[in-house]
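Okay, so here's the structure we're looking at.
The values are calculated or read from the model by the stated rules, or taken from the named source; none is laboratory data. Fair warning: this is a prediction, and the values are worked out from it, not measured in the lab. Here Cβ is always computed from backbone atoms with ideal geometry, including for glycine, and neighbour counts include all displayed protein chains. Areas reflect the complete protein model, heavy atoms only, side chains present, ligands, DNA and RNA absent. Shrake-Rupley method; radii C 1.70, N 1.55, O 1.52, S 1.80 Å.
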Amino acid sequence: PYPRALKTPLGSVVTDTAIAAGDTKQAKHFLEIMRLGDLAPVERAQIDYEEGRVLATEGENDEAIAKWEAAIGGPHRPSAAKARLARAELLLKLERIGKRDAIGELEKLRFSWRGDEFEFSLLRRLGQLYLEEGLYREGLTALRQAATYFRAHTDAPQVTQTMSDVFSKLYLESAADSMAPVTALAVYEEFKELTPAGPRGDEMIRRLADRLVGVDLLDNAADLLSSQVKFRLQGVEKAQVGTQLSLIHVLAREYDAAMQALADTELANMPE
C-alpha cells in the first residue's frame, strides 16, 4: 500500500536484509511487490540489481549477469556501480575473467561512484586484488586510500593492519626479492611509515640496505643506514650499524665519510 516514492527504497532495504540473511524466498516476495505498477527507469534499474543478487545467491549465474547488465545500462548510478562490481566479482569467481581484468573493471568504478560504504569496500577489494597479483605498490596505495578516506569506518584498523602485515612480508620475509631493487626501495620510501618500531624495523632496514649494496646502489644503501643511525639506534647496535655504514662508504671509495661514520657511532667501553 505504500506510495512508489517509498516502496522502492524501502523494498530495497528489506530485500538487501533478506539476501544477507540467506532468505531468498523473502527477497523474491518483496521484489515481486516492488515490480507491481508502472516503474520508472530508475526504479527498474534498482530492482534489476537486487534481482541479480538473488539469482546469484541461487546459482543462476547467467541470469544474474543479465540482470546486472540491465542495471549497468540503466539511469540509476548507484545501482549501475554496484551491479558492475557484482558482475566483475561473479565473472572472476567463475574464472571467465582473470584478476587483471577484474582490476580493470574495479579501477573504472573508482570514478563512477564515490563515498559511503561502496567506495571503502571497492578500495579494499582493489587493494587485495593488486596484492594477489604481486603489484604491491598499487595494492598498498588502494588500501591506504581506504584507511585514510574512511578513518571512522569500523574496519579501517583492519585495513591498516593488512598494510603493516604486507610491508613486513615484503622486507622481512623476502617477498620484495621479486621486485627490482630500485622498485623495492621506491615502495619502501613511499610507505616507510609502516616500518615497525624496535628490532623488527631495524632488521627490515638493514636487509633492504644489504640488497641495495648487492646491486651497487651504494648511495641509497648509505642513506638508509645513515637515517637509521641518526634516528633509530642507540648503544652497541648503533655502533654495529655504523660499522656497516662505514663499509658501504669504503666500497664507494668515500674514505672520509667512512671514517666519519665510525667516529659518529663509536661507543665508550665498546665490546671488542
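At-a-glance table
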{"quantity": "Nearest 10 degrees, 0 to 90: helix 116-132 Cα axis against the chain principal axis", "calculated": "50"}
{"quantity": "Lysine pairs meeting the criterion (Cα under 15 Å, 8 or more apart or interchain), as found in the chain", "calculated": "7"}
{"quantity": "Mean projected area (nm²) of the alpha-carbon convex hull when the chain is viewed from all directions", "calculated": "18.4"}
{"quantity": "Lys/Arg +1, Asp/Glu -1 at C-beta; segment 91-153 dipole; positive extreme among Thr148, Leu122, Gly134", "calculated": "Thr148"}
{"quantity": "Accessible area per residue in Å² at 1.4 Å probe, computed on segment 176-272", "calculated": "59"}
{"quantity": "Accessible area of segment 20-89 belonging to carbon and sulfur atoms, whole % at 1.4 Å probe", "calculated": "50"}
{"quantity": "Burial order of peptide ranges 231-238, 165-172 (average beta-carbon count within 10 Å, highest first)", "calculated": "165-172, 231-238"}
{"quantity": "Top of Glu119, Glu132, Glu254 by mean-square fluctuation, Gaussian network on the chain, Cα under 10 Å", "calculated": "Glu254"}
{"quantity": "About the Cα centre, charge dipole magnitude for segment 112-202 (Lys/Arg +1, Asp/Glu -1 at Cβ), debye", "calculated": "140"}
{"quantity": "0 to 90° range, to nearest 10: angle between helix 24-35 axis and the chain longest Cα axis", "calculated": "60"}
{"quantity": "Spatial separation of Cα centroids for segment 171-210 and segment 1-78, in angstrom", "calculated": "48"}
{"quantity": "Between helix 156-172 and the chain: long-axis angle, C-alpha atoms, 0 to 90°, nearest 10", "calculated": "40"}
{"quantity": "Exposure ranking of Lys25, Lys7 by accessible area [1.4 Å probe, largest first]", "calculated": "Lys25, Lys7"}
